[in-house]
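Handing you a structure now.
The values are calculated or read from the model by the stated rules, or taken from the named source; none is laboratory data. The shown structure was predicted, so the numbers you read here are calculated from the model rather than taken from an experiment. No Cβ is skipped: glycine too gets one built from the backbone with ideal geometry, and neighbour counts run over all protein chains shown.
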Amino acid sequence: MLCLGIESSCDETAIAIVDEHNEILANCIFSQLKTHEAYGGVVPEIASRQHLDRIFPLLQEALKKANISLSDIDLIAATKGPGLMGSLLIGLNVAKTLAYCLNKPFIGVNHLEAHLHAATMLKKEDFGFPALGVLLSGGHTHLMLMQKKASFELISHTVDDAIGEAFDKAAVLLGLPYPGGPCIERLTKNGDPSRFSLKAGTVKNKPLHFSFSGLKTSFLYTLKGPKSDKHSLITLDKSLHADLAACFQKAAFDDVIKKSFLAAKKYAVKSILFGGGVTQNQYLREQFSLANKDNHPLLWPDKDLCLDNAAMIAGLGLYYHIYHNKQDSLDLEALTHFSKEACH
Ligand code: KG4
Ligand code: ZN
């Protein structure tokens with residue numbers, strides 16, 4: 001069985017073709033990074049226009065790569081949310097149109113669930129349930145409980161900035177390009193993570209929730225120097241930027257690791273799955289393994305399945321269709337926010 005997956009929730013136009021054994025026949029991505037870099041973040045109107053320009057050439061590219069034609073496709077899956085409304089609509093409507101014209105089933109997939117599903121797609125080893133899902137992306141920081149495969153229950157989330165967003169904002173303050181996460185990680189290679197004292201926030205009465213806006217503010221004031229206020233300019237010597245980046249990265253990940261293991265204990269999970277662009281970070285992977293005293297299986301997505309891609313959308317769409325006999329009607333709406341409705 002072959003599934004064509006379409007992802008267009010933010011600034012990546014992606015089309016993939018995946019079979020029922022999770023073999024990825026094509027995983028084509030057009031990243032709009034270069035376009036949005038100049039603005040320091042994603043401009044929604046430009047993003048949706050670029051999706052429109054790129055989606056059909058990308059479809060041709062994916063079919064060619066997989067060496068199949070449209071008539072070989074058995075199922076069409078597309079991201080239904082969360083994401084930017086204009087961007088989501090392009091992918092969703094292309095998917096619905098293809099499903100209608102080809103007379104094939106259509107299924108809408110939650111982007112966040114797909115990020116976590118990506119961790120299981122290429123894995124041969126066994127992992128037990130319940131499992132903890134740790135989703136760290138540019139727009140979300142979620143802990144999810146998975147009682148079984150492809151079942152997701154939100155445990156906790158950030159009350160302000162998402163972790164990837166905090167990395168991106170810290171990078172802008174250091175004059176680094178967008179997206180900031182990979183640049184910060186590179187800079188930290190020469191940094192001393194104990195030079196400055198930085199800490200992520202806690203949320204009153206919600207020990208598993210996240211808060212990164214205070215960390216971002218302490219980062220800014222450390223960069224400005226002692227006794228600074230909101231009008232002060234940056235005075236920290238450039239030679240200390242790597243140390244500051246290393247302290248920021250450590251503070252953010254210490255917090256994620258601490259809260260993940262708290263949740264793992266509370267829900268007595270048997271394994272931990274990861275998803276989202278931030279989980280590409282090698283330092284995070286190493287620190288998580290070091291803190292894994294109970295030897296939980298840790299399932300990291302392959303590095304090219306961490307960032308936004310359509311293979312994860314096709315993979316989860318196939319899973320729901322084959323094992324839950326699911327398909328959606330063609331009037332399915334796009335959803336900008338994560339909500340109960342957005343979960344299967
Ligand atoms: O999951 P993703 O591709 O998009 C969303 O769905 O949001 O994640 C993008 C985010 C960006 O904020 C980017 O800075 C961050 O992932 N990121 C990283 C790294 N690579 C990407 N953050 C920290 N370290 C990295 N190596
Ligand atoms: Zn994403």
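If GLY138 satisfies every condition in (1) touching an Asp or Glu at 6+ places or on another chain (Cβ under 7 Å); (2) more than 16 Å from ligand 1 (Cβ to nearest atom) but one, which is the exception?
(2)
Hey, another quick one. Report, ordered by the first and then the second residue, all pairs with beta carbons closer than 6 Å, sequence separation of six or more or different chains, a first member in region 67-80 that is part of a loop (DSSP other than H, G, I, E, B), and a second member that is surrounded by fewer than 13 Cβ atoms within 10 Å (Cβ to Cβ).
Pairs that qualify, where the first residue is part of a loop (DSSP other than H, G, I, E, B) and the partner is surrounded by fewer than 13 Cβ atoms within 10 Å (Cβ to Cβ), are ASP74/MET1.
Per-residue answers, yes or no, for (1) of a type outside the set (D, E, K, R); (2) not in a helix (DSSP H, G or I):
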site: HIS36; (1), (2): yes, no
site: VAL42; (1), (2): yes, yes
site: GLU45; (1), (2): no, no
site: ILE55; (1), (2): yes, no
site: GLN60; (1), (2): yes, no
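Still on this structure, please answer the following. Using beta carbons and a limit of 7 Å, which pairs, at least six apart or on different chains, have the first residue in region 15-44 and more than 27 Å from TYR178 (Cα to Cα) and the second one at pLDDT below 95?
Cβ pairs passing all conditions: ASN22/MET121; ASN22/LEU122.
Further question on the same structure: Among the residues of region 256-268, which ones are in a loop (DSSP other than H, G, I, E, B) and within 21 Å of GLU125 (Cα to Cα)?
Once the filter is applied, which keeps residues that are in a loop (DSSP other than H, G, I, E, B) and within 21 Å of GLU125 (Cα to Cα), region 256-268 yields only ALA268.
Quick check on my filter: what residues within region 149-164 are touching a helix residue (DSSP H, G or I) at 6+ places or on another chain (Cβ under 6 Å) and either within 16 Å of ligand 1 (Cβ to nearest atom) or free of Cβ contacts under 8 Å to residues at least 12 places away in the same chain (or both)?
Correct list: PHE152, ASP160, ASP161, ILE163, GLY164.
Results for (1) of a type outside the set (Val, Ile, Thr); (2) without any contact (Cβ under 8 Å) to a residue 24 or more places away in the chain; (3) under 30 Å from LYS96 (Cα atoms), shown as yes or no for each residue.
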position	(1), (2), (3)
PRO226	yes, yes, no
SER239	yes, yes, no
ALA252	yes, no, no
VAL256	no, no, no
ASN281	yes, no, no
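Considering only region 286-339, state which residues are among the polar types (S, T, N, Q) and within 15 Å of ligand 2 (Cβ to nearest atom).
The answer is ASN309, THR336.
Something else about it: Is it the case that region 269-291 has a residue that's assigned to a loop (DSSP other than H, G, I, E, B) and away from ligand 1 (no atom under 14 Å from the Cβ)?
Yes, the conditions are met somewhere in region 269-291.
Sticking with this structure for a sec: In region 88-97, is there at least one residue being under 21 Å from the mean Cα position of the chain (by Cα), away from ligand 2 (no atom under 16 Å from the Cβ), over 16 Å from SER9 (Cα atoms) and of a type in the set (S, T, N, Q)?
Scanning region 88-97, I find no residue that is under 21 Å from the mean Cα position of the chain (by Cα), away from ligand 2 (no atom under 16 Å from the Cβ), over 16 Å from SER9 (Cα atoms) and of a type in the set (S, T, N, Q), so the answer is no.
While we're on this one: Count, please, the residues in region 83-103 that happen to be in a loop (DSSP other than H, G, I, E, B) and in contact (Cβ under 8 Å) with a residue 24 or more places away in the chain.
Result for region 83-103: 2.
Can you find a residue that is over 27 Å from VAL42 (Cβ atoms), modelled with pLDDT of 95 or more and either more than 16 Å from ligand 2 (Cβ to nearest atom) or of a type outside the set (Ser, Thr, Tyr) (or both) anywhere in region 207-217?
Yes.
Conditions (1) within 13 Å of ligand 2 (Cβ to nearest atom); (2) surrounded by fewer than 22 Cβ atoms within 10 Å (Cβ to Cβ); (3) not in a loop (DSSP other than H, G, I, E, B); (4) not basic (Lys, Arg), marked per residue:
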site	(1), (2), (3), (4)
GLU113	yes, no, yes, yes
PHE127	no, yes, no, yes
LEU143	no, no, yes, yes
LYS149	no, yes, no, no
ILE155	no, yes, yes, yes
ASP160	no, yes, no, yes
